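A short worksheet on the structure shown next.
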Amino acid sequence: MVESVCFNYDGKQVAVVCSDMRNRQSEIVIPFDDFHFRTREYWSYRNPMHDRVKFYQRYEKKAVLVFDCFGWEDVQRQRIEKELEGFFVDE
């Protein structure tokens, strides 16, 4: 479960704090150079309330944020989506 996401622009990294089913916390730190993400997938168009962000370090999935679960509210969702806009590659 993703508890927090921090975009550290000074350190050029994304820090994701997660907890597991036993409520043990861990922090995943992904450098900007290795960071990418996916937001929309085929099933989310059917039910946008279950949108997710999958955080990757290179090609390894590190964390999945499910917006309608675990207390994530719409305001927080909008803030994270705004931060992620900076990581889209201009074509």
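Some values worked out for this structure:
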{"read-out": "Estimated distance in nm for a label pair at ASN23 and SER4, the labels positioned 7 Å out from Cα along Cα-to-Cβ", "value": "1.8"}
{"read-out": "Added length on full extension, which subtracts the Cα-Cα distance from 0.36 nm per residue, GLU83 to PHE32", "value": "17.1 nm"}
{"read-out": "Local electrostatic count, ARG77, Cβ distance below 10 Å [Lys/Arg +1, Asp/Glu -1]", "value": "-3"}
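We did not get these values from a lab; they are worked out from the coordinates using the rules stated. If you're wondering where the values come from, they're calculated on a predicted model, not measured in any experiment. Cβ atoms come from the backbone with ideal geometry, glycine included; neighbour counts cover every protein chain shown.
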